[in-house]
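The values are calculated or read from the model by the stated rules, or taken from the named source; none is laboratory data. Since the structure is predicted, the reported quantities are computational estimates derived from the model, not experimental observations. Note: ideal-geometry Cβ built from the backbone for every residue, glycine included; neighbour counts use all protein chains shown. Please note that ligands, DNA and RNA were not included when accessible areas were found on the heavy atoms of the full protein model with its side chains. Shrake-Rupley method; radii C 1.70, N 1.55, O 1.52, S 1.80 Å.
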Amino acid sequence: QEADEGRSSESYTEIISTLPREKGWTTEYMYQYQGFWYLSTTGVEGVMRVQKHFKARNEDILLATLPKSGTTWFKPLIFAIMNRGRCDFATHPVLTTSPHDLVPPLENYFHQNIAYPNLDSLSSPQLLFHTHISFTSLPQSVINSQGRIVYVCRNPKDVFVSTFYFLNRMADKNVEPLSVEEAFEQFCKGVSFYGPFWDHVLGYWKASLEWPERVLFMKYEDMKKDSPFHLKRLAEFMGCPFSSEEERQGVVHEILKLCSFENLSNLKVNNTGTFQLGTRKIGKHIFFRQGEVGDWRNHLTNDMVDRLNKIVEQKLSGSGLTF
Ligand code: A3P
């Protein structure tokens, strides 16, 4: 186990105790670190440890997302694109391994209670990592490397609804969860899971404009609307485009079918058992709810929609990014 260069858990706790905090949606407090909000002190500590220890490699792919933007979908999609020569669709690892075990969040690799992996010793030519960390808080080694970043975002109204239901399903038993109206207030103030939403998306949006060959900016809704087109775009960006022979053989279609909401959510590996998120265990099934675009229509009032639309429009104005 790599030593943490003398930095003890206590010293992280000391720094974290000075951070701004707000009432959490389903936890006692959320903490703000480098401008972004984390669910717990463990969440912040995870980010600090990633910043200190993660060594990016030029070959690797980093999938970055704001929680509830379709991470559970894009992890197996990218994994299947990367490993398509090595895996048979009938016995594919995606069928027997949860997306979050297949591609754990970086924040989990460097969690305080586990042995840090020696990433230098991994022999695979290309690895896939995932993080929810904002662009501005990424470890310096990611910025300095030539590694590629795939960023996936989703419209803020669906992100809000999906987050609300997700956090309620993993709520601390001793904490009264916020009502939907209170959580919405917090979301509008930017106090949300890895939020503010607009700062998270803008960080990666600007990076994708500045370094288009290194940062691919994708939307959940686009992948839903024209999956084959966007899957091919993703493979091209990753440096492994589908050949016309593969397209003729239906590989694009096979990957999309393998990773569809219907297929993944019905797999035993995804609807039973638990997943370690920081210090807590959460049911794997809660990563699958509806998997649709526009469910916000069933949950938000017209006033809420108008208000959030206006905030997002104002925050993104001039950037060229719209939802
Ligand atoms: P909903 O709560 O709107 O249903 P994340 O993985 O980033 O936490 O995002 C979770 C959201 O992605 C949930 O949205 C979940 O249902 C949806 N999702 C999970 N797997 C999916 C898939 N294979 N295709 C489309 N959406 C999926």
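Some points to look at:
- Wholly within the stretch 215-323, strands (runs of 3 or more DSSP E) carrying at least 2 residues that are more than 17 Å from residue 70 (Cβ to Cβ): 274-277, 280-283
- Checking each residue in the stretch 260-273 for being away from the ligand (no atom under 11 Å from the Cβ), surrounded by 13 or more Cβ atoms within 10 Å (Cβ to Cβ) and either hydroxyl-bearing (Ser, Thr, Tyr) or in contact (Cβ under 8 Å) with a residue 24 or more places away in the chain (or both) picks out 269, 273.
- Filter result for residue 304 (within 30 Å of residue 27 (Cβ to Cβ), away from the ligand (no atom under 15 Å from the Cβ) and surrounded by 13 or more Cβ atoms within 10 Å (Cβ to Cβ)): yes
- Complete set of residues in the stretch 147-181 that are of a type in the set (S, T, N, Q) and touching a Lys or Arg at 6+ places or on another chain (Cβ under 7 Å): 162, 163
- The set of residues from the stretch 244-259 being under 25 Å from residue 149 (Cβ atoms) and either among the small types (Gly, Ala, Ser) or more than 16 Å from the ligand (Cβ to nearest atom) (or both) comprises 246, 251.
- Count - residues of the stretch 115-138 that are modelled with pLDDT under 95 and part of a loop (DSSP other than H, G, I, E, B): 10
- Test set (1) aromatic (Phe, Trp, Tyr); (2) away from the ligand (no atom under 14 Å from the Cβ); (3) out of contact with any Ser or Thr (no Cβ under 8 Å at 6 or more places or on another chain) - residue 197 fails condition number: (2)
- Any hit, the stretch 144-163, residues being farther than 25 Å from residue 63 by Cα and away from the ligand (no atom under 13 Å from the Cβ): no
- Exclusive hit being within 12 Å of the ligand (Cβ to nearest atom) and closer than 22 Å to residue 92 by Cβ, set 238, 223: 223
- Residue satisfying all of: in the stretch 274-298; open to solvent by 60 Å² or more (accessible area, probe 1.4 Å) and within 11 Å of the ligand (Cβ to nearest atom); farthest from residue 101 (Cα to Cα) among these: 298
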